[in-house]
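Trainee: One structure, as structure tokens, below. Some questions next.
The values are calculated or read from the model by the stated rules, or taken from the named source; none is laboratory data. Computed from a predicted structure; not experimentally measured. Here the Cβ positions follow ideal geometry from the backbone for every residue, glycine too, while neighbour counts run over all protein chains shown.
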Amino acid sequence: MTMEFDNPRLQAGISNLERGRFEAAFEVFFDIAVNEADEEAAFALTRMCFDGQLNPEQVNKLFEWLNSYSRNSNGYANFNVGLMYELGMGEIARNVKTAVQYYEKAIKDEVLDAYCNLGNIYVFGTGIDQGVPKDIPRGVELLTVGANAGSRVAAYNLGTLYEKGTAIPQDYDKAFYFLTLATLQKHEHAHRCLIIFEKAIKGDFTKVYDAAEQQFWKIQNMRKLYRSL
């Protein structure tokens with residue numbers, strides 16, 4: 001999904017990003033984020049971090065800034081620090097308990113994809129080895145809130161969960177709803193899954209599609225307030 005911003009100074013960073021010049025893009029976004037406290041630049045850095053486009057040195061540089069910036073309760077900063085702790089990026093050791101704390105802060109600041117990452121931790125139990133209990137109902141609740149608010153990644157994850165019916169009871173209506181919701185937001189994997197789903201599962205999902213489309217337009221009306229991955 002192409003990033004779009006209101007600040008024209010970010011165009012240089014976007015151009016570098018589209019050309020695969022990640023180092024140059026990082027420097028542009030980082031300079032604007034640090035020196036102008038620009039939230040769109042901070043979001044761009046979040047996207048780059050999430051998409052694995054930063055080298056270890058950049059991750060450490062970003063972490064040092066974000067860890068201080070997050071104390072001002074900046075949602076994107078909290079989300080990014082949480083992601084770094086969850087995955088153990090650069091020189092940051094993996095610490096899921098700490099990641100959970102930062103994701104919870106990001107949720108309070110309405111960072112929609114924090115619902116997704118935190119929900120995944122609870123559903124899949126990826127933090128059990130570090131003392132974070134598996135809690136499927138809580139995880140599904142978080143994913144559902146995030147998906148209906150505008151996290152296309154949360155919608156995709158929920159759709160596949162309901163389709164497979166392994167971690168949670170299988171529900172084709174909910175699977176179709178969330179895969180459609182993610183597809184309408186241009187999530188490519190969700191679109192492919194939806195095509196396969198429609199070929200394999202014969203049924204009338206007209207009402208479910210209408211509900212997903214209605215929710216999609218509600219989300220579109222909120223895009224001016226919240227960004228999501």
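Trainee: In segment 151-192, how many are charged (D, E, K, R) and in contact (Cβ under 8 Å) with a residue 40 or more places away in the chain?
Mentor: Step one: list which residues in segment 151-192 are charged (D, E, K, R), which gives 152, 163-164, 171, 173-174, 186, 188, 192.
When the remaining residues are screened for being in contact (Cβ under 8 Å) with a residue 40 or more places away in the chain, the result is 152, 186.
Residues flagged as charged (D, E, K, R) and in contact (Cβ under 8 Å) with a residue 40 or more places away in the chain within segment 151-192 amount to 2.
Trainee: Tell me which of these residue 190 doesn't satisfy, since it passes every other one: (1) surrounded by 12 or more Cβ atoms within 10 Å (Cβ to Cβ); (2) under 16 Å from the mean Cα position of the chain (by Cα); (3) not in a helix (DSSP H, G or I).
Mentor: The single condition residue 190 does not satisfy is (3).
Trainee: Being free of Cβ contacts under 8 Å to residues at least 24 places away in the same chain and surrounded by 15 or more Cβ atoms within 10 Å (Cβ to Cβ) is the filter; apply it to segment 108-134 and report the residue that is farthest from residue 42 (Cα to Cα).
Mentor: Across segment 108-134, the extreme among qualifying residues is 134.
Trainee: Determine which single condition residue 162 fails, assuming it passes every other condition in (1) part of a helix (DSSP H, G or I); (2) hydroxyl-bearing (Ser, Thr, Tyr); (3) within 30 Å of residue 65 (Cα to Cα).
Mentor: Tallying (1) part of a helix (DSSP H, G or I); (2) hydroxyl-bearing (Ser, Thr, Tyr); (3) within 30 Å of residue 65 (Cα to Cα), residue 162 fails exactly one: (3).
Trainee: Then there's this: Would you mind stating whether residue 137 is surrounded by fewer than 21 Cβ atoms within 10 Å (Cβ to Cβ) and part of a helix (DSSP H, G or I)?
Mentor: Working: surrounded by fewer than 21 Cβ atoms within 10 Å (Cβ to Cβ): yes; part of a helix (DSSP H, G or I): yes.
Judged against the criteria, residue 137 is a match.
Trainee: Considering each residue of segment 97-107, count those that are crowded, with 17+ Cβ neighbours inside 10 Å and either within 20 Å of residue 125 (Cβ to Cβ) or among the aromatic types (Phe, Trp, Tyr) (or both), and give that number.
Mentor: Applying the first criterion (crowded, with 17+ Cβ neighbours inside 10 Å) to segment 97-107 yields 98-100, 102-103, 105-107.
Pick out the ones that are also either within 20 Å of residue 125 (Cβ to Cβ) or among the aromatic types (Phe, Trp, Tyr) (or both) and you get 98-100, 102-103, 107.
The qualifying residues number 6.
Trainee: Let me ask something else about it. Just one of (1) more than 21 Å from the chain's Cα centre (by Cα); (2) closer than 18 Å to residue 115 by Cβ trips up residue 50, so point out which.
Mentor: Of (1) more than 21 Å from the chain's Cα centre (by Cα); (2) closer than 18 Å to residue 115 by Cβ, only one is false for residue 50: (1).
Trainee: Residues that are under 27 Å from residue 166 (Cα atoms) and hydrophobic (A, V, I, L, M, F, W, C): list the helices (runs of 4 or more DSSP H) wholly contained in segment 72-124 that include at least 3 such residues. Before the answer, list the steps.
Mentor: Numbers: elements: 75-87, 96-108, 112-124.
By residue number, 96-108, 112-124.
Trainee: So residue 42 fits all but one of (1) crowded, with 23+ Cβ neighbours inside 10 Å; (2) modelled with pLDDT of 85 or more; (3) over 30 Å from residue 134 (Cβ atoms); what number is the exception?
Mentor: Failed condition: (2).
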